[in-house]
Amino acid sequence: MTARIMDGRRLSTRIISDLKKKVGILSKKGIVPRLDIILVGEDNASKIYVSNKIRTSEQIGIKGELHKFPEKTSKEKIIREIKKLNANEKVHGILVQLPLPQHLDEQEIVDKIEPSKDVDGLTTYSIGRLTTGNANFESCTPKGIIRLIENEKIKIEGRNAVVIGRSNIVGKPISLMLLRRNATVTICHSKTKQLQEHTKNADIIIAAVGRANFLKEAMVKKGAIVIDVGMNRDGGKIAGDVDFDKVKFKASYITPVPGGVGPMTVAMLMENTLKAARAKL
Ligand code: GUN
């Protein structure tokens with residue numbers, strides 16, 4: 001058996017062209033959606049992600065504004081910028097690209113974003129609403145994963161889902177979203193003992209570890225659905241967290257890297273930004 005590839009590039013292209021039409025209609029009503037991104041420091045991956053987000057915004061008709069700060073910027077300066085954007089009526093979405101440099105407390109800074117503009121869904125407020133099942137903005141990577149799964153009409157209810165990784169960006173929110181859809185969710189992490197015993201029992205595996213080719217064929221049950229959130233450099237190559245070339249012969253569905261979850265994250269950010277702008281109607 002070879003797994004069906006869950007093509008995030010194709011699905012995100014479809015979503016983006018649909019968003020473009022909706023943004024056009026909203027713009028004609030006098031509201032041009034605007035997304036402001038704060039980037040601090042010189043992290044190369046972050047620069048690529050951010051330029052992708054700005055480029056996609058512009059492609060859709062969303063105004064994308066980048067606010068770039070040097071590595072050593074103080075927290076006060078960044079918070080001042082966020083407050084300015086909170087107060088600016090033309091700004092609908094604000095995103096602080098992570099990771100931030102070491103001296104900055106990420107959650108403290110992200111929490112300064114006004115909840116109605118938290119299109120990345122990472123403030124304590126947004127995560128709280130997600131937890132109680134009343135999400136306003138769902139964080140973009142987990143939202144993109146759910147969309148990929150739903151696009152294949154895969155049933156989530158009653159399935160055993162194993163999430164590897166407990167980050168605030170992916171592991172925790174995707175666990176909550178799967179739980180909300182009535183999966184039985186196990187969250188594994190670096191201190192989990194006998195990881196394989198958990199993953200071998202999983203109908204759905206979400207690998208968000210940050211280590212190239214971490215999830216091996218022997219860890220996967222035949223017919224499992226495998227979602228790879230990894231984006232690692234393996235020598236000169238981009239590699240996911242899943243040993244794709246082997247696992248694809250065991251799984252029933254699998255996401256590629258690149259071209260799986262990554263493009264979906266950007267599409268979901270655009271969708272959230274449109275939602276934030278529409279709230280102004
Ligand atoms: N860094 C990597 N992925 C993300 C994301 O989805 N949002 C933010 N803010 N930073 C990230």
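Some observations on this one:
- Taking the conditions (1) within 22 Å of residue 35 (Cα to Cα); (2) open to solvent by 60 Å² or more (accessible area, probe 1.4 Å); (3) of a type in the set (S, T, N, Q) in turn, residue 201 satisfies each one other than (1).
- Considering 174, 145, 154, the condition of being closer than 16 Å to residue 226 by Cβ and more than 14 Å from the ligand (Cβ to nearest atom) is satisfied by 154 alone.
- Residues of region 25-56 that are of a type outside the set (D, E, K, R) and part of a strand (DSSP E or B): 35, 37, 38, 39, 40.
- Qualifying positions in region 129-142 - within 16 Å of the ligand (Cβ to nearest atom) and over 12 Å from residue 119 (Cβ atoms): 130, 135, 141, 142
- Residue-level analysis places residue 79 outside the set of residues that are in contact with a Pro (Cβ under 9 Å, 6 or more places away or on another chain), open to solvent by 10 Å² or more (accessible area, probe 1.4 Å) and either touching a residue at least 12 places away in the same chain (Cβ under 8 Å) or more than 12 Å from the ligand (Cβ to nearest atom) (or both).
- Enumeration of residues in region 120-158 that are among the polar types (S, T, N, Q), surrounded by fewer than 19 Cβ atoms within 10 Å (Cβ to Cβ) and without any contact (Cβ under 8 Å) to a residue 24 or more places away in the chain: 124, 132, 134, 136
- Of all residues in region 217-257 being small (Gly, Ala, Ser) and more than 18 Å from the chain's Cα centre (by Cα), the one that is nearest to residue 142 (Cα to Cα): 224
- Test: residue 110 is over 24 Å from residue 258 (Cβ atoms) and crowded, with 19+ Cβ neighbours inside 10 Å: yes
- Selection over region 35-52 of residues that are touching a helix residue (DSSP H, G or I) at 6+ places or on another chain (Cβ under 7 Å) and either closer than 21 Å to residue 76 by Cβ or crowded, with 17+ Cβ neighbours inside 10 Å (or both) gives a count of 6.
- Qualifying residue in region 17-33 (condition: within 14 Å of the ligand (Cβ to nearest atom), under 21 Å from the mean Cα position of the chain (by Cα) and surrounded by 19 or more Cβ atoms within 10 Å (Cβ to Cβ)): no
- For region 45-66, the tally of residues that are under 15 Å from the mean Cα position of the chain (by Cα) and among the charged types (D, E, K, R) stands at 1.
The values are calculated or read from the model by the stated rules, or taken from the named source; none is laboratory data. Here the structure is a predicted model, which means the values were calculated and not measured. A quick note on method: Cβ atoms are made from the backbone with ideal geometry, for glycine too, and the neighbour counts reach across all protein chains shown. Accessible surface is based on the protein model in full, side chains and every heavy atom, while ligands, DNA and RNA are left aside. Shrake-Rupley method; radii C 1.70, N 1.55, O 1.52, S 1.80 Å.
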